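The values are calculated or read from the model by the stated rules, or taken from the named source; none is laboratory data. In this text the structure is predicted, and so the values were computed from the model without any measurement. For neighbour counting, all protein chains shown are included, and Cβ atoms are generated from backbone atoms with ideal geometry for every residue, glycine included. Remember, those area values only see protein heavy atoms, side chains included, never the ligands or the DNA or RNA. Shrake-Rupley method; radii C 1.70, N 1.55, O 1.52, S 1.80 Å.
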Amino acid sequence: MMIADRTIRRHRERRDKITAVAATMFALVVAALAVSPWTTSQAHAQACCTATGGGEFGVVGTCHQAVLTAQSSFEPTVGSYDAEGEYRSFGDAGLYDLVTTLGGGTRFGTERFQLYGSVPLRLQYRDLVGSAATGWGIGDAAAGVRYMVARDNMTGIDWGQPDSYVPFVDLYLTGHIPTGTAPDASNDPAGADITGNGHWGVTGGMRATKFLHIRHVVGAYAELNQYLNRNIEQGGETVSQRPGTELGMGLTYMHIPSVQWSWGAYLGLHVAGDTYQADAAIPDSATRRLVGGAHITRHVAYPFWEVTLSATNDAWGDRGGKNLPFVGPSVAVSVQRNFL
């Protein structure tokens, strides 16, 4: 009876923590939006600035020269997926991350070419059976380049104008830098100090974005992610290890009702091959992740400041993922400073 009461109490405490953090972040966004000034510009100006940057952290919008972005996200873990794709709840365990990410980008030499980067600072709480700990540290950083191959006219499709079918097409290459603490370097039994995967990596991809109408924008992306080998200690010997090559693809949508507001949604699927260790594939170690998200942006003192509330969630339920040790929702608030 006492164990059952303690379990119920812990579930309530976890629910209250999630609710409190989400409510606080939502209140901050509402307050920022409420005090922001309204402008009378037309929606086309908004379209110009969100065409390639909406919902993408640190990416410079079409009519901007540079951006600086700060984001705070709350990421509770609620379950995992095994090798058979079965979802399992974490039950009494409590895993909560508060991540503050700083990033930005700038155009370099031409309006078609830009550089960008980001670095996260992670505060992590782990309450496992018989072990509870809090850890913090820098996570894995990222830096990359992006080039606009083709440009949309942003006025929508006109059936009599062939050039109105041309979308934005961007190619990007992002490097992943292992600045965080890798799992094999952890000194915490609960793993609260693990803030990275320890691998150098690179992601190459292409994103296409098309204005169907001045207020309606659709997009698609495809990318390939490859990590490099690193040596780890296992069983008293040193062996090489690297995650499998990952293919990601997804669809996006954005609606621009006015110069003050925009909102969007996306759905992505990422699959990776088997992990390699000592130059041999580990059987049944391939991963699959289905994730969806949405964001809403309010321009404050347009076009220089904007505030975004976003939420993402891994699929829940059997077959929604595979070999994923941590899955759950994420709620984030970001503030971005644009430079013309």
| said: Please report the equivalent ellipsoid semi-axes of the stretch 240-340, computed as sqrt(5 x eigenvalue) of the Cα gyration tensor, largest first, in whole Å. | reply: 36, 15, 11
| query | Can you give the net charge of the other residues whose Cβ lies under 11 Å from the Cβ of V217, counting K and R as +1 and D and E as -1? | reply | +1
| request: Please get the size of the charge dipole for the stretch 223-340, origin at its Cα centre, with Cβ charges of +1 on Lys and Arg and -1 on Asp and Glu, quoted in debye to the nearest 20. | output: 460
| query | By the scheme Lys and Arg +1, Asp and Glu -1, what is the net charge of all other residues having a beta-carbon under 14 Å from that of R242? | reply | -3
| query | Which loop chymotrypsin sites (Phe, Trp or Tyr not before Pro) in the stretch 145-217, with loop taken from DSSP, have no more than 16 other Cβ atoms within 10 angstrom of their Cβ? | reply | W159, W200
| Tell me, what is the 1.4 Å probe accessible area of R289, in Å² to the nearest 10? | 80
| request: Just name one of S240, T275, Y227: the one whose Cα is farthest towards the positive end of the charge dipole of the stretch 138-289 (beta-carbon charges, Lys/Arg +1, Asp/Glu -1). | output: Y227
| task | Set Lys and Arg Cβ to +1 and Asp and Glu Cβ to -1, take the dipole of the stretch 50-156 about its Cα centre, and tell me which of Q65, S89, V119 lies farthest positive. | result | Q65
| remark: Total charge of the residues flanking T252 in space, meaning their Cβ is under 11 Å from its Cβ, with Lys and Arg +1 and Asp and Glu -1, is +1
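Which length gain, in nm to one decimal place, applies between Q65 and L251 when the Cα-Cα distance is subtracted from 0.36 nm times their residue separation?
64.3 nm
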| request: Could you tell me the largest-minus-smallest coordinate of the C-alpha atoms of the stretch 162-284 on each of the three principal axes, in descending order and whole angstroms? | output: 63, 30, 24
